[in-house]
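Student: I'd like to ask you about the structure that follows.
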């Protein structure tokens with residue numbers, strides 16, 4: 001029952017139970033990568049699905065992500081071998097001129113919860129910073145977020161700059177005013193209108 | 001009918017001579033007609049110049065203001081550090097609420113800053129120039145949405161679980177200030193309070209949390225602003241019908257609803273909303289401002305506009321609009337294409 005208990009305590013946003021259940025599972029010899037992949041990461045998939053279905057909302061997503069991160073802190077000193085292998089590196093930030101971060105933070109937490117190495121550049125990030133960080137960390141995916149329609153054109157410039165740079169990173173975009181059509185128009189590699197969708201998209205792009 | 005008579009008739013569910021034309025015009029208007037975006041949003045004479053030129057060309061049935069007011073002036077008046085760039089909306093650089101002590105400090109604030117006075121001057125100038133022929137609408141925000149500006153969105157969202165007392169106390173402190181700022185708008189000449197429920201919409205919050213945290217303080221402000229003589233018109237994104245939020249909105253003293261986007265690419269079917277609200281309040285239509293209007297060709301915009309108008313035909317208490325703020329980068333030819341369809345539409349045939 002250890003793994004379902006861990007999963008359920010994350011979904012229930014219960015940080016204390018997450019820690020207790022992980023400690024119990026480790027005492028009982030449950031493999032660490034099992035706890036990580038089938039407990040914590042799987043839990044955020046469940047939360048993401050509930051969000052997509054309108055069963056939970058932003059406060060619940062944030063609290064569940066916080067519970068999962070508490071669990072990750074407990075696991076980190078014990079991570080070895082395969083459990084240490086991240087699924088890829090994802091760079092994320094809100095574009096220059098835009099200081100909104102709720103969507104960006106949700107995506108960041110969900111992607112980290114899905115086992116990726118996430119580098120969160122924060123808000124008001126200029127294109128050069130995206131480019132240099134993507135190059136330095138050999139990023140697989142770069143996520144650009146914008147809430148303001150006034151900052152959307154920066155996304156187009158960033159996509160163009162990445163295509164010209166020859167870096168391998170795929171560029172995906174999101175944020176309240178952004179649409180699938182806009183993503184196509186600016187030649188982005190993908191678009192999602194929600195955090196769980198972004199995780200799925202990143203998984204597909206990294207696997208491709 | 002002049003614009004004021006037409007809009008008032010629609011809000012009161014009376015017959016109109018043609019489709020009332022009230023999109024979220026402010027950002028494009030400031031971009032097309034302002035000497036710079038910031039001053040047209042915020043400064044009296046520049047506001048006047050941009051909106052009067054816009055009425056001349058577009059013949060909208062209202063003047064819509066307030067993006068800078070709700071996004072910058074109110075947060076700055078409540079101690080946030082706000083920057084006001086020349087070419088974009090104001091940006092909150094630093095929030096102002098970190099503890100209960102900050103809530104007590106905010107409760108005692110004199111909110112009437114120099115920038116707020118300048119904005120109210122703009123409303124007064126417009127009111128004088130419009131001679132009561134074109135109504136003025138101003139965007140406004142709920143205590144909850146103000147609270148998210150002051151505290152930070154993530155923080156407020158997690159406070160609902162970790163520090164609910166603070167969420168309640170902060171809104172309690174904001175309610176009288178929200179009413180005072182709303183009353184100042186009404187006194188300056190705003191006829192329609194366009195009540196943006198940005199952060200409490202059912203895309204972000206559950207109906208349970210809406211009821212627990214948002215409904216009461218919002219009702220206090222809406223009911224008082226309505227009592228003071230304004231038409232109160234809430235704007236909310238997400239599925240307000242299926243989630244039952246619309247039932248809570250209808251408990252308030254409101255005169256209309258403007259449904260926003262369901263997602264970035266879908267909007268609520270206003271016939272579904274009409275069935276729900278019947279003849280109790282008016283309904284604003286909801287062309288997606290981020291669809292063809294922003295990135296399509298004028299022909300596609302005209303087609304989409306016509307589809308919306310045909311769907312609404314025969315509905316009383318109908319006002320044509322966009323489902324949210326139009327981008328300042330909306331191509332002018334697209335806005336003109338939408339405008340032409342509305343103006344030329346044969347509503348009463």
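Student: Rounded, prolate or oblate: which fits region A:85-208 when a ≥ b ≥ c are the square roots of the eigenvalues of the alpha-carbon gyration tensor, with rounded for a/c under 1.5 and prolate only if a/b beats b/c?
Tutor: Verdict is rounded for region A:85-208.
Student: Please work out the Cα center distance from region B:226-295 to region A:1-80, rounded to the nearest Å.
Tutor: 38
Student: Give the order of B:161, B:140, A:182, B:32 when sorted by the count of other beta carbons within 10 angstrom, beginning with the fewest.
Tutor: Lowest count first: B:161, B:32, A:182, B:140.
Student: Another question, then. Once you average over the residues of A:186-197, how many Cβ atoms of partner chains fall within 10 Å of each Cβ?
Tutor: The shielding value for this peptide is 1.
Student: Using a Förster distance of 35 Å, how high is the FRET efficiency between residue A:157 and residue B:278, based on the Cβ-Cβ distance and rounded to 0.05?
Tutor: After rounding to 0.05, the efficiency reads 0.15.
Student: Let me ask something else. Out of all DSSP beta bridges with both ends in chain B, state the antiparallel percent to the nearest 5.
Tutor: DSSP beta bridges in chain B are roughly 15 percent antiparallel.
Student: Please arrange A:151, B:113 by counting, for each residue, the other beta carbons lying within 10 Å of its beta carbon, fewest first.
Tutor: B:113, A:151
Student: Sum -39500 (n - 2.57) across every DSSP H segment of at least 4 residues in chain B, then divide by the residue count to get the 222 nm mean residue ellipticity, nearest 500.
Tutor: -14500 deg cm²/dmol
Student: Sticking with this structure for a sec: In degrees between 0 and 90, to the nearest 10, how far off the longest principal axis of chain A does helix A:102-113 point, with axes built from Cα atoms?
Tutor: 50
Student: If you take every DSSP beta bridge whose two residues both sit in the protein assembly as shown, what share of them, in percent to the nearest 5, is antiparallel?
Tutor: Antiparallel: roughly 10 percent of the beta bridges in the protein assembly as shown.
Student: Here's a follow-up. Would you compute, from DSSP H runs of 4+ residues alone, the mean residue ellipticity of chain A at 222 nm, taking -39500 (n - 2.57) per run and dividing by the full residue count, rounded to the nearest 500?
Tutor: Calculated at 222 nm, the ellipticity per residue is -16000 deg cm²/dmol.
Student: Using only atoms on other chains, find how many Cβ atoms lie within 10 Å of each Cβ of peptide B:153-165 and report the average.
Tutor: If you average over the peptide's residues, the count of other-chain Cβ atoms is 4.
Student: As I understand it, the value is the acute angle between the Cα axis of helix A:58-75 and the longest principal axis of the Cα atoms of chain A; what does it come to in degrees, rounded to 10?
Tutor: Approximately 60 degrees, to the nearest ten.
Student: Along Cα→Cβ, 7 Å out, is where each label goes; now give me the distance between the ones at residue A:23 and residue B:2 in nm to one decimal.
Tutor: Between residue A:23 and residue B:2, the label points sit 7.4 nm apart.
Student: On to the next question. Testing the spin-label approximation: label points 7 Å from Cα along Cα→Cβ at residue B:250 and residue B:311. State their distance in nm.
Tutor: 2.0
Student: How high is the FRET efficiency from residue A:187 to residue A:55, r the C-beta distance, R0 25 Å, rounded to 0.05?
Tutor: Calculated transfer efficiency: 0.10.
Student: Something else about it: Using a ≥ b ≥ c from the Cα gyration tensor of region A:110-159 (square roots of the eigenvalues), is it rounded, prolate or oblate, where a/c under 1.5 gives rounded and otherwise the larger of a/b and b/c decides, a/b for prolate?
Tutor: oblate
Student: If you don't mind, another one. Between residue B:111 and residue A:126, what's the calculated FRET efficiency when r is the beta-carbon distance and R0 is 51 Å? Round to 0.05.
Tutor: The pair residue B:111/residue A:126 has a calculated efficiency of 0.90.
Student: May I ask for the distance between the Cα centers of region B:69-103 and region A:118-168, given as a whole number of Å?
Tutor: Cα centroid to Cα centroid, the span is 27 Å.
Student: PRE reach from residue B:271 (point 7 Å along Cα→Cβ): which of region B:295-324 fall under 17 Å by backbone N?
Tutor: Flagged as within label range: B:304-319.
Student: Would you mind classifying region B:160-276 by shape? Square roots of the alpha carbon gyration tensor eigenvalues, ordered a ≥ b ≥ c; an a/c under 1.5 is rounded, otherwise it is prolate if a/b is larger than b/c and oblate if not.
Tutor: oblate
Student: Turning to a different aspect of this structure: Rank these for me by crowding, B:305, A:70, A:154, going from fewest to most other beta carbons within 10 Å.
Tutor: A:70, A:154, B:305
Student: In whole percent, what relative contact order does chain A give with Cα contacts below 8 Å and a gap of six or more residues?
Tutor: 18
Student: Specify the angular offset, from 0 to 90 degrees and rounded to the nearest 10, of the alpha carbon long axis of helix A:15-27 from the longest principal axis of the alpha carbons in chain A.
Tutor: Approximately 60 degrees, to the nearest ten.
Bear in mind that the values in this text are calculations on the coordinates, not laboratory data. Computed from a predicted structure; not experimentally measured. Reconstructed Cβ throughout: ideal geometry from the backbone, glycine too, with neighbour counts over all protein chains shown.
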